[in-house]
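Structure first, then comments.
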Amino acid sequence: MSVVSAAPALEAAAHAAGRMIEPGAFLGLLGGGQLGRMFTMAAQSMGYRVIVLDPGSHSPAGSVADEHIAAGYLDTHGLQALAARCAAVTTEFENVPAESLRFLARHCRVSPAADSVAVAQDRILEKRFLAAAGLEVAPYAVIATAADLEQDLAHLLPGILKRSRLGYDGKGQMRVERREELVAAFAQLGGEPCVLEQRVALQLELSCVVARGFDDRLASWPVAENRHAAGILDVSIVPARVPAHLAQAAREAALAVAARLDYRGVLCVEFFVLPDGRLLANEIAPRPHNSGHYTIDACITSQFEQQARVLCGMPLGDTALHGPAVMVNVLGELWARGEPRWEHVLHYPRAKLHLYGKHEARPGRKMGHYTVLADSVEEALRDAMAAREALRADAGIRA
């Protein structure tokens, strides 16, 4: 059981969290996307009721929640209605305004807290935090204004210019080879504060999802090996095919991040592995993560059930892996010729399909995922890739 105990008794957990929130209570959720949908379903399976606050009228989470408040994340009336009904509130994406979380925290339990989320909302703060925590990061420079482009940045080129805020799935960032491209990219990104990060040679990418409760107990899931395409996660392979000491180093680093942030909830840390075996911390996601979706089917406790457990002050669940698994994202381009033929996935008896209930499919949009379990990583990867290629072939997508 991958749970680290830091409190001697259950009573300590109840005291640290204020009180345990029993099933039957309303839980609030800021955000209506697929992460919120999966949290809602996990919480409901435990007997809780969920109210989603999201401005959209047809959101994945709102369609399965017990109630939906159609309001913006800074809407005072919407936030007041949520706070009045809910015993606790959580989020499903990191860019929820911090002031909204602080407002809600004056009325009910909020997890994660605004101050913890704020670090991950800003790449500049995030880089500085990771370095101060003793984690190695890729060489970088802060480009806050056009004047910062006048400094000597040759050692960081070729690089990636990333907008400091509101970037995800490869959005808000541009590859730059030369100084001229860097200047143009900064202007194209709106002249907003950015981080210029040296482009490093990668062997592979890893992620580790961890949880920390109000009683300071920690839990971690097996480290995932991730493949990306066009900046979007494509495939996660679990357990990662890396030496045990490297997986352990990633796990310890992610747990240290959660503790140093005084974080309460589920959190993911993404890493780069260099050809020489060094581990670089890349990003913090203060929420359940796409690379942790495999936990729904492949682990005793999913990241979403754990999110509900932490929010309600309940003991953390066991995160042990049932067996090797491969998770594949399902993107909107698969609908190019109509509804995909899901028998390509379900042909495999140990495959589990999850669709998010989104009404409009478009290229690059995450419409669902599937996870294939097997007795070995190689078998799971073989079957997952065979299903993927069959789906792509039907959609007319060439390799």
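The values are calculated or read from the model by the stated rules, or taken from the named source; none is laboratory data. Here the structure is a predicted model, which is why all the values come from computation and not from measurement. Quick reminder, even Gly has a Cβ in these numbers, built from the backbone with ideal geometry, and neighbours come from all protein chains shown.
Listed values, structure above:
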{"item": "Restricting the stretch 367-397 to residues that are in contact with a Lys or Arg (Cβ under 8 Å, 6 or more places away or on another chain) and not in a helix (DSSP H, G or I), the residue that is farthest from residue 325 (Cα to Cα)", "result": "396"}
{"item": "Any hit, the stretch 307-317, residues being surrounded by fewer than 22 Cβ atoms within 10 Å (Cβ to Cβ) and part of a loop (DSSP other than H, G, I, E, B)", "result": "yes"}
{"item": "Residues of the stretch 90-143 satisfying the condition of being part of a loop (DSSP other than H, G, I, E, B), in contact (Cβ under 8 Å) with a residue 24 or more places away in the chain and charged (D, E, K, R)", "result": "92, 94, 122, 136"}
{"item": "Filter pass, residue 121 being within 30 Å of residue 105 (Cα to Cα) and modelled with pLDDT under 95", "result": "yes"}
{"item": "Among (1) buried (at least 19 other Cβ atoms within 10 Å of the Cβ); (2) more than 19 Å from residue 93 (Cβ to Cβ); (3) in contact with a His (Cβ under 9 Å, 6 or more places away or on another chain), the one test that residue 268 misses", "result": "(2)"}
{"item": "Subset tally (residues that are closer than 17 Å to residue 51 by Cβ and buried (at least 23 other Cβ atoms within 10 Å of the Cβ)) for the stretch 97-124", "result": "6"}
{"item": "Residues of the stretch 32-60 satisfying the condition of being touching a strand residue (DSSP E or B) at 6+ places or on another chain (Cβ under 6 Å) and under 22 Å from residue 99 (Cβ atoms)", "result": "32, 36, 51, 52, 53"}
{"item": "Matching residues in the stretch 195-242 - criterion: being without any contact (Cβ under 8 Å) to a residue 12 or more places away in the chain and more than 28 Å from residue 182 (Cβ to Cβ)", "result": "none"}
{"item": "Some residue of the stretch 349-356 being within 20 Å of the chain's Cα centre (by Cα), in a loop (DSSP other than H, G, I, E, B) and at pLDDT 95 or above", "result": "yes"}
{"item": "Test: residue 331 is of a type in the set (A, V, I, L, M, F, W, C), within 18 Å of residue 38 (Cβ to Cβ) and in contact with a strand residue (DSSP E or B) (Cβ under 9 Å, 6 or more places away or on another chain)", "result": "yes"}
{"item": "Test: residue in the stretch 264-286 that is within 13 Å of the chain's Cα centre (by Cα) and assigned to a loop (DSSP other than H, G, I, E, B)", "result": "yes"}
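Residue-wise test of (1) polar (S, T, N, Q); (2) surrounded by fewer than 16 Cβ atoms within 10 Å (Cβ to Cβ); (3) assigned by TED's automatic domain parsing to the domain that holds residue 171.
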{"residue": "194", "(1), (2), (3)": "no, no, yes"}
{"residue": "222", "(1), (2), (3)": "no, no, no"}
{"residue": "227", "(1), (2), (3)": "no, yes, no"}
{"residue": "230", "(1), (2), (3)": "no, yes, no"}
{"residue": "251", "(1), (2), (3)": "no, no, no"}
{"residue": "264", "(1), (2), (3)": "no, no, no"}
